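Okay, structure first, notes after.
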Amino acid sequence: MREIAARMYEKGSDVLGTRASLDHFKAVKEVCDKAVYYDVARIISIRANEAKKTKGVIGVVAAGTSDLPVAEEAAVTAELMGNTVKRIYDVGVAGIHRLMSKVDELRSFRVIICIAGMEGALPTVVGGLVACPIIAVPTSVGYGANFHGLSALLAMLNSCSSGVSVVNIDNGFGAAYSASLINKIGE
């Protein structure tokens with residue numbers, strides 16, 4: 001990882017490494033002092049170029065606090081790609097009143113990344129409240145019959161809300177990349 005990051009940066013490329021540990025970061029930092037580590041997101045970034053900021057806003061909405069690593073992976077990735085990101089966390093369906101108090105804000109986003117584990121119901125509920133695209137991210141957290149995210153994945157794939165697309169389990173990076181493409185349409 002260290003040599004790849006150094007070569008990319010030397011050639012003028014931005015570097016974004018996901019699922020990175022603190023040890024990975026220390027190794028990269030030895031060859032590039034501009035490296036930055038986002039511990040909750042587990043991302044290493046090295047900026048060679050400043051990204052142009054988008055006009056639209058991506059909402060990153062997470063059900064529970066155990067979903068935060070995946071949510072932060074999505075949020076930080078989207079920000080590093082030049083997007084303005086607004087985080088709304090701990091608004092799962094078990095405390096739906098917290099989500100309902102954010103409806104006006106949810107409706108202001110150009111695209112929403114919606115992260116949930118357990119039964120994966122949050123993207124369907126959000127999809128019923130907004131008219132923008134939603135990228136659903138199932139997480140591997142949960143207990144009982146969660147099956148390491150499989151139950152959330154299947155629930156999201158079977159969503160009855162229009163406009164909900166699904167990425168794989170714990171794929172905050174993939175969701176952010178797709179959301180960024182959507183957010184930049186027409187800019």
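The values are calculated or read from the model by the stated rules, or taken from the named source; none is laboratory data. All values derive from a computational prediction rather than experimental measurement. Cβ: placed from backbone, ideal geometry, glycine included. Neighbour counts: every protein chain shown.
Checking the conditions here, which among V93, V85, V130, V70 is without any contact (Cβ under 8 Å) to a residue 40 or more places away in the chain and closer than 20 Å to S45 by Cβ?
Numbers: V93 fails: closer than 20 Å to S45 by Cβ; V130 fails: closer than 20 Å to S45 by Cβ; V70 fails: without any contact (Cβ under 8 Å) to a residue 40 or more places away in the chain.
Being without any contact (Cβ under 8 Å) to a residue 40 or more places away in the chain and closer than 20 Å to S45 by Cβ holds for just one of V93, V85, V130, V70, which is V85.
List, please: which pairs have Cβ atoms under 8 Å, are six or more places apart or on different chains, and start with a residue in the stretch 3-20 that is farther than 21 Å from E73 by Cα and end with one that is surrounded by fewer than 17 Cβ atoms within 10 Å (Cβ to Cβ) and among the polar types (S, T, N, Q)? Short answer, once both residue conditions are applied: G12/N49.
Residue by residue through the stretch 159-187, note down the ones that are modelled with pLDDT under 95 and either within 28 Å of A20 (Cα to Cα) or of a type outside the set (D, E, K, R) (or both).
Taking the stretch 159-187 and keeping what is modelled with pLDDT under 95, we get 159-163, 184-187.
Residues satisfying the conditions are S159, C160, S161, S162, G163, K184, I185, G186.
Of all the numbered requirements in (1) surrounded by fewer than 20 Cβ atoms within 10 Å (Cβ to Cβ); (2) over 21 Å from A78 (Cβ atoms), A131 misses one, and that requirement is (2). Residues that are outside any helix (DSSP H, G or I) and either touching a helix residue (DSSP H, G or I) at 6+ places or on another chain (Cβ under 8 Å) or in contact (Cβ under 8 Å) with a residue 40 or more places away in the chain (or both) within the stretch 172-187 comprise K184, E187, listed in sequence order.
In the stretch 136-157, what count of residues is obtained for those that are surrounded by fewer than 17 Cβ atoms within 10 Å (Cβ to Cβ), hydrophobic (A, V, I, L, M, F, W, C) and assigned to a helix (DSSP H, G or I)? Residues in the stretch 136-157 being surrounded by fewer than 17 Cβ atoms within 10 Å (Cβ to Cβ), hydrophobic (A, V, I, L, M, F, W, C) and assigned to a helix (DSSP H, G or I): 4 in total.
Please find, within the stretch 38-53, the residue that is modelled with the highest pLDDT out of those that are farther than 16 Å from G172 by Cβ and in contact with a strand residue (DSSP E or B) (Cβ under 9 Å, 6 or more places away or on another chain).
Filtering the stretch 38-53 down to residues farther than 16 Å from G172 by Cβ leaves 46-53.
Okay, now just the ones that are also in contact with a strand residue (DSSP E or B) (Cβ under 9 Å, 6 or more places away or on another chain), so 46-48, 53.
Values: I46: 91, R47: 88, A48: 80, K53: 86.
This residue is I46.
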